[in-house]
Amino acid sequence: MSRRYLRCVAVGLLFTLCAVPSMNSKAEEITQPVETPVQEVPVQEAPVQPLTEEQQAELIMQEQLAQVTAEQSTRQLVIIGDSRTVGMKSAVGKNANIWSAKVGMGLAWMKNVGVPSVEASINENTDVVILMGVNDVRSLSYTDKYVSYINEKAAAWTTLGANVYYVSVNPMAFETKSYPGITNSLIEKWNTKMQDGLSENVHYIDTYSTMLGNVSSKDGIHYSKNTYKTIYTLINQGIIIDKLEQKMANLC
C-alpha cells in the first residue's frame, strides 16, 4: 500500500462495507374464503456477501490505526527547532511536550545546546522531532553536517527505544530582503538532500509539500498562529502514518 493511501487513511479513512441486500416480504391481504387453506411462502434470508480482500485490508487498517492513535496519545514528544518552533510552541499552547527551541539558531546551537538540554529526557516512550535547517539553508553543503550529526544521534536514541523524525524545512510565504537568499527553490534542494542522506533510523516527515502556497506570514519566513497549528497537526499525523505503515508491514 502506498504512503499516499495510508495518509488518506490516517486523516480520516471511512470505509463502508458492501451493503447487504435485504429482502422485505410484504404479506398480501387474503381475500379468499376462510375455508380455503392459505399457503405459507417461506421467506429466504439474503446471503451475507463476503468482504473483498480490499475491504478486509481496510478493516485491518482501521483497527491498526485506532491502536496506533491510542498508543500515540501516551507518548511524549521532544521537539527541537529554531524560531519557527518557538512560534509553534506559542501557537499550540501548553502541553506535555518537551521543547528545545531558540530564535535564529542552526547546527552549532543544536549540537551544543539544543540537543544536550533535552537528551536526558529521551527514552523508550519518546518521539524526537527535529525542525532545523532554515537558518543554514543558504549553504547546501551544511546538509552533510546535519545528516552526519542527526544520523549519529538517532542511532543512539533508537537504541534507547525512541523514534526519531526530521521534518522538512517549510516554505517561505514570499521572498524578502529581510532574509536574503532564502527561496523555496533552495529549500526544496535542501529537503531533497536531507531526505536522501538520513539513515533508516530517521523518519522523514514532508510538511513542505502540503504547506507550499498555504502559509500565512507577515515577514515571509515566520507564520501565523493558524499556520503553526496546521504544521503541528501534520507532524503528528506524519508520526501516526509512519507507525501505521510499520504495523501494516509487520502483518504482511
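The values are calculated or read from the model by the stated rules, or taken from the named source; none is laboratory data. Predicted model only: the values in this text are computed from it and were never measured. Don't worry about glycine lacking a Cβ; one is built from the backbone with ideal geometry, like all the others, and counts go over all protein chains shown. These area figures cover heavy atoms from the full protein model, side chains too; ligands, DNA and RNA do not enter into them. Shrake-Rupley method; radii C 1.70, N 1.55, O 1.52, S 1.80 Å.
With S100, S139 as the choices, which residue is touching a helix residue (DSSP H, G or I) at 6+ places or on another chain (Cβ under 7 Å) and at negative phi? So the residue among S100, S139 that is touching a helix residue (DSSP H, G or I) at 6+ places or on another chain (Cβ under 7 Å) and at negative phi is S100. In the range 73-97, the residue that is nearest to D127 (Cα to Cα) out of those that are β-branched (V, I, T) and within 19 Å of the chain's Cα centre (by Cα) is V78. The criterion of being in a helix (DSSP H, G or I) and over 28 Å from E71 (Cβ atoms) holds for S185. Restricting L160, L186 to residues that are over 20 Å from V129 (Cα atoms) and at pLDDT 95 or above narrows the list to L186. Looking at Y232, is it part of a loop (DSSP other than H, G, I, E, B), under 17 Å from L131 (Cβ atoms) and either open to solvent by less than 40 Å² (accessible area, probe 1.4 Å) or aromatic (F, W, Y) (or both)? Spelling it out, it is not the case that Y232 is part of a loop (DSSP other than H, G, I, E, B), under 17 Å from L131 (Cβ atoms) and either open to solvent by less than 40 Å² (accessible area, probe 1.4 Å) or aromatic (F, W, Y) (or both).
Give the range 214-229 a look and list any residue that's open to solvent by 70 Å² or more (accessible area, probe 1.4 Å) and not in a loop (DSSP other than H, G, I, E, B), or say none. Answer for the range 214-229, where residues must be open to solvent by 70 Å² or more (accessible area, probe 1.4 Å) and not in a loop (DSSP other than H, G, I, E, B): K225, N226, K229.
Does E63 meet the test of being more than 24 Å from K193 (Cβ to Cβ), free of Cβ contacts under 8 Å to residues at least 40 places away in the same chain and surrounded by fewer than 16 Cβ atoms within 10 Å (Cβ to Cβ)? Against the criterion (more than 24 Å from K193 (Cβ to Cβ), free of Cβ contacts under 8 Å to residues at least 40 places away in the same chain and surrounded by fewer than 16 Cβ atoms within 10 Å (Cβ to Cβ)), E63 qualifies.
Please work out if I241 is part of a helix (DSSP H, G or I), more than 22 Å from G93 (Cβ to Cβ) and in contact with a Leu (Cβ under 9 Å, 6 or more places away or on another chain). Yes, satisfied. Within the range 108-128, the set of residues being hydrophobic (A, V, I, L, M, F, W, C) and part of a helix (DSSP H, G or I) comprises A108, W109, M110, V113, A120.
State whether one or more residues within the range 172-190 are open to solvent by less than 10 Å² (accessible area, probe 1.4 Å) and in contact (Cβ under 8 Å) with a residue 60 or more places away in the chain. No, the range 172-190 has no match at all. Screening M105 against (1) part of a helix (DSSP H, G or I); (2) under 24 Å from S185 (Cα atoms) leaves a single unmet condition, (1). Take the range 194-213 and flag every residue that is open to solvent by 70 Å² or more (accessible area, probe 1.4 Å) and outside any loop (DSSP other than H, G, I, E, B). Correct list: Q195, D196, S209.
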